[in-house]
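Below is one structure; the comments refer to it alone.
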Amino acid sequence: MDSPLLADARALRPDLVAWRRHLHMHPELSYQEQATAAFVRERLAALGLEASPPMAGGTGLTCTIHGVEDGPTVALRADMDALPIQEDSSAPYVSKAPGVAHLCGHDAHTTMLIGAGALLARQRPARGHVRLLFQPAEEAGAGAARMIEDGALDAVAAIYALHVDPRTPVGHTGTTVGPANAAADEIAIEVTGAGGHAAYPHLSVDAVAVAAQVVTAIQHVVSRHSDPLEPLVVTIGTIQGGFASNVIAPSVRMTGTVRTFGPELRKAMPARLERVIHAVAAAHGATATLDVRFGYPATVNDGSLLPDFEASVAAVMGEGRNAQMAPTMGAEDFAYYAQRVPGMIARLGVRNEALGFSHPLHHPRFDLDEDALPLGAALLADVARRWLAGARR
Ligand SMILES: [Zn+2]
Ligand SMILES: [Zn+2]
């Protein structure tokens, strides 16, 4: 039999589905979530909940639900932004915005957090406070860092979040204790040679030929210069240069990403890459520069938050529904919260192969089983309540 909380969440299902489909049809990119934030404010107001003034550039907001007695504050986080990808779907709720779509499930995250607010408003915690964080710009722009700058974590003692996971069947969850998501840093490499006629290579310095060697040589930094037991990915994602098939390109620009877990390795990577890039360029009479833009740090989940989460999964979904999962090299800006206070981001199963919900995140055909919405809302509300009840802090 359902717990009262899950029964409440199931009763909320039609609302949750309607909210998620509305958000899915009206996706907004990072830091452009005006309509999304307005929608969240309206829903919270309808529940009798008061939202904060706009924060994090104008589209972020928080909402604190006060328990009967004073006590510590636990936070729950949702991200609200969509991706610059054209959705490929025949669903009636397909994105109405050309080239923009919720293909990372942030529409579901936003929906489930409003749902958790509804459940908590109906039955307030006995003691302490729950702060709902609706943040902009997870995909690009580190919205979490700006939420923190604007005080979203003030007085917060712990934070939980869910991310939908198309690898995990609906009705199940996954957790990773310790390092869970990699740090992601952007690199830009500029190779400069000397242009000329394609038929007289000896009179120029071919930046395309040099760039090709740079691309292969930096993979040696991964396979030969770095400890094989430490995760490391270097990917060159773009390469641009040249004007015509019969002209030697004077310069080539490449951009890419470096993914790491260890802070020491992360710090060492710019110098390791630079050494190889400079030497390869010099060997062929070219020059090269490397720019590194440090992005999201690694997300490290705090093991002390696992028992409450596991207990919530057992209460909402049943025993044996949470699996330990391996870390991934994908990045997540929840990392910023987890640097400040004990944090845990868990994976919520949304896979249902029979219904065709099995495409990976960021895929043009990604979609999710909406049965996950009431489960996620109940899970968030339950873990907040459970954490507060257990808090002798
Ligand atoms: Zn994403
Ligand atoms: Zn995401």
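Which residue, of V316, V300, is closer than 30 Å to D2 by Cα and either aromatic (F, W, Y) or more than 16 Å from ligand 2 (Cβ to nearest atom) (or both)? Show your work before the answer.
Working: V300 fails: closer than 30 Å to D2 by Cα.
Going through V316, V300 in turn, just one is closer than 30 Å to D2 by Cα and either aromatic (F, W, Y) or more than 16 Å from ligand 2 (Cβ to nearest atom) (or both): V316.
If you check every pair at least six apart or on different chains, which have Cβ atoms under 6 Å apart with a residue in region 354-375 that is in contact (Cβ under 8 Å) with a residue 12 or more places away in the chain first and a residue that is of a type in the set (F, W, Y) second?
H359/F366; D367/F357; L368/F357; D369/F357
Name every residue in region 330-353 that is surrounded by fewer than 17 Cβ atoms within 10 Å (Cβ to Cβ), farther than 27 Å from T260 by Cα and in contact (Cβ under 8 Å) with a residue 24 or more places away in the chain, in order of residue number.
none
Is region 105-123 home to any residue that is closer than 21 Å to G330 by Cα, in contact (Cβ under 8 Å) with a residue 60 or more places away in the chain, in a loop (DSSP other than H, G, I, E, B) and within 14 Å of ligand 1 (Cβ to nearest atom)?
Yes, because at least one residue in region 105-123 is closer than 21 Å to G330 by Cα, in contact (Cβ under 8 Å) with a residue 60 or more places away in the chain, in a loop (DSSP other than H, G, I, E, B) and within 14 Å of ligand 1 (Cβ to nearest atom).
Take the residues in region 124-141 that are at pLDDT below 95 and within 23 Å of H362 (Cα to Cα); name whichever of them is nearest to ligand 1 (Cβ to nearest atom).
So, considering only residues that are at pLDDT below 95 and within 23 Å of H362 (Cα to Cα), the one nearest to ligand 1 (Cβ to nearest atom) is A140.
What strands (runs of 3 or more DSSP E) lie completely within region 235-341 and have 2 or more residues being of a type in the set (A, V, I, L, M) and away from ligand 1 (no atom under 16 Å from the Cβ)? Even if it seems obvious, please write down each step before you answer.
Details: elements: 251-260, 287-293, 299-301, 322-324.
So the answer is 251-260, 287-293.
Listed residues V258, V215; which is buried (at least 21 other Cβ atoms within 10 Å of the Cβ) and under 30 Å from the mean Cα position of the chain (by Cα)?
Values: V215 fails: buried (at least 21 other Cβ atoms within 10 Å of the Cβ).
After applying the criteria, what remains is V258.
Collect the residues in region 67-107 that are over 26 Å from L355 (Cβ atoms) and either within 12 Å of ligand 2 (Cβ to nearest atom) or aliphatic (A, V, I, L, M) (or both), keeping them in residue-number order.
Selection gives V68, V74, A75, L76, R77.
The values are calculated or read from the model by the stated rules, or taken from the named source; none is laboratory data. Since the structure is predicted, the reported quantities are computational estimates derived from the model, not experimental observations. Glycine gets a Cβ as well: all are built from the backbone with ideal geometry, and neighbour counts include every protein chain shown.
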